[in-house]
Amino acid sequence: MASQSLYRKWRSQTFDELIGQEHVVQTLRNAIIEERVAHAYLFTGPRGVGKTSMARLLAKAVNCTDPAPAARPCGRCAACTSIADGRAVDVIEMDAASHTSVDDAREIIERVQFRPAELQSKVYIIDEVHMLSTAAFNALLKTLEEPPDHAIFILATTEAHKIPATILSRCQRFTFTRHSVAATSAHLRQIAAAEHLELDPGAPEAISRAATGSMRDALGVLEQLASFGQGAITLEQVQSLLGMTAAAEVNALIAALLDGDVGAALRAVNGVADQGADIRQFTRDLVERLRALLLFRATGDRSLLDVGEDELLVLEGWAARADTAALVEWIKLFSGLDFQLRTTPYGHLPLELAVVESLVGVRGSGFGGRESGDRGRAAAPPARAVAPPRQAAPPSRAAPPPVMPRAEPVAPPAAEPPPESPAPESPAPESPAEDLAAAPVAPAADPEAFIAANADFTVLERIESLWEEIKRDVRPRSPTVQALLHSIRPIDVESNTIVLLASSQFHKDSLEKPVNRKIVEDVINKQLGGIFAIRCTIETKAESRDLRGQIREARKDELVRAAMNIFEAHIVDIESET
């Protein structure tokens, strides 16, 4: 005979036994005491946090025969025991994932009119209710709004955004939160002691972190570990079973990042890979630890950290020498690796590249990163290098690093006046120097405008180089959207908005559908490591002669591009020909 799973065996039977969700427990208890139980409830939240358990507790409470309302559900009366054993015919549980049709909803409507056979109230618990079809929701609408006095509906879902607003408005909604690492670890120790299982120090915390707030997942892992081997459950067994990496290895990589030691950081990554550990899980652990460090560095509030005392001491040491801006960049960079690590044929190479980029890689300013070099070092201000004049556009100047003094123009000897003098009102200048002096002085260029424009075009150039790869990455999510992108190309970047040119109104309208737009934006943001939106157009603007247009034209010049590449320079000014 199969043994009962731990999460079923240790399901909470009274409100006092329920772990977490105190805000829901207090509200429902008061409703029981004051006899103000609603006719319809909606429980939302992640998986494994107690939604179904709470629904059963509420079903018990409204049918419990204990004379003291504050003690309900007692867990001992006939009603409580029959519901706990699954024998109560008046408590109907339905999985909406396998009963999605309108016929299933009509069956509920027909049966709800009959009074309960044994208990005081008939309770319908509909799990994963977001899976119901639109027709089924419409059929339930009137019954949910005005059910019989003896009926209560409890709906549970992990995706509340898929519930129609008409259903939401007829239910009292309760949002369930994830369990903390501390609460999950304490519950695991309690169950392990009752099940005669020995947990080594650190093992419950590792299981809790891997469960990501789901108590059911944590109990499932504990049950699996109980069959893993004989004796105590060690931290190494937990890490081996879950593909986790030791905290020491994550700590070694973070310490190397804080020290700016590329070699040590790469050795830490390769050490994890040599152990055969899951690189994606290692990266998730790294991001989670960096997030905790960022929170502690920015706020100094220990209550925001779901960590033990030993980890808190480590975070305090790191926070004293960490840079907040660098932490933000690292979290953005490493959190975008999951998709790459899942699809790459090159093993842990994306993580190695991200480590190098985070410390010594040159990142475009459009991504919010530092220009180059070690952490905390300010980039030198760019100097100017004049490009030869072109027919199509005024010359531009790129910046080599060091700053060179700029010589003032020197006037040549005065030239003879031309044979035919112009009218007296507009005398001819006697020399080029006088011509320069007489010309209207152009307003000084705004350095911030040049920086912003250069950043935008740097992003545009990178998008253009990655466009084929972006289209390829879109295909697994939607071949239709990939087909659309064959008729669309990037033409401009405006701050955090990427402008795409479509070949027709049909392609523009299709791409701007919210679902299609989100797919493209997600793939672009993963490729670029930033947060960008897209805007689609079908009109091509004439080449602009404003600052952005001049910079765009100047960057097309081969000599300017060569100077920019050789000296790692940026355009800092553009002067008109004299």
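Fully extended, how many nm does the chain gain between ALA483 and ARG189 (0.36 nm per residue separation, minus their Cα-Cα distance)? Between ALA483 and ARG189, full extension yields an extra 100.5 nm.
Once the Kirkwood radius over Cα pairs is known for the range 66-144, the Stokes-Einstein relation at 20 °C and 1.002 mPa s delivers a diffusion coefficient of 153 µm²/s. Relative to the current alpha-carbon distance between VAL499 and ARG111, full extension at 0.36 nm per residue lengthens the span by 134.0 nm. Put a plus charge on the Cβ of each Lys and Arg, a minus charge on the Cβ of each Asp and Glu, and nothing anywhere else: the dipole of the range 247-361 about its Cα centre is then about 280 debye.
Across all directions, the shadow cast by the convex hull of the range 6-175 built on its C-alpha atoms averages 9.1 square nanometres. Using alpha-carbon positions, what is the distance between the centroids of the range 200-238 and the range 463-501, in Å? Between the Cα centre of the range 200-238 and that of the range 463-501, the gap is 43 Å.
Footprinting exposure proxy ranking of PHE228, PHE176, fewest other C-beta atoms within 10 angstrom first, gives PHE228, PHE176. If the segment from VAL328 to ARG36 were pulled out straight at 0.36 nm per residue, it would be longer than the present Cα-Cα gap by 100.3 nm.
Applying 1/(1 + (r/R0)^6) with r as the Cβ-Cβ distance of PHE339 and THR65 and R0 = 56 angstrom yields a FRET efficiency of 0.55. Around the Cα centre of the range 1-109, unit charges on the Cβ atoms of Lys, Arg, Asp and Glu (plus for the first two, minus for the last two) sum to a dipole of about 320 debye.
When LEU28, LEU349 are sorted by how many other C-beta atoms sit within 10 angstrom of their C-beta, beginning with the fewest, the order is LEU349, LEU28. Using only the C-alpha atoms, the convex hull of the range 181-242 corresponds to 67 Å³ per residue. All C-alpha to C-alpha distances of the range 247-361, sorted into 10 Å bins beginning at zero, yield P(r) values of 13, 50, 31, 6, 0 percent in whole numbers. Ordered by the number of other Cβ atoms lying within 10 Å of each residue's own Cβ, fewest first, LEU528, LEU257 fall into the sequence LEU528, LEU257.
Read the figures in this text as sums done on the coordinates, not as results from a lab. It should be emphasised that the depicted structure is a prediction, and the values quoted were computed from it without experimental measurement. Here the Cβ is made from the backbone with ideal geometry for all residues, glycine too, and neighbour counts use every protein chain on show.
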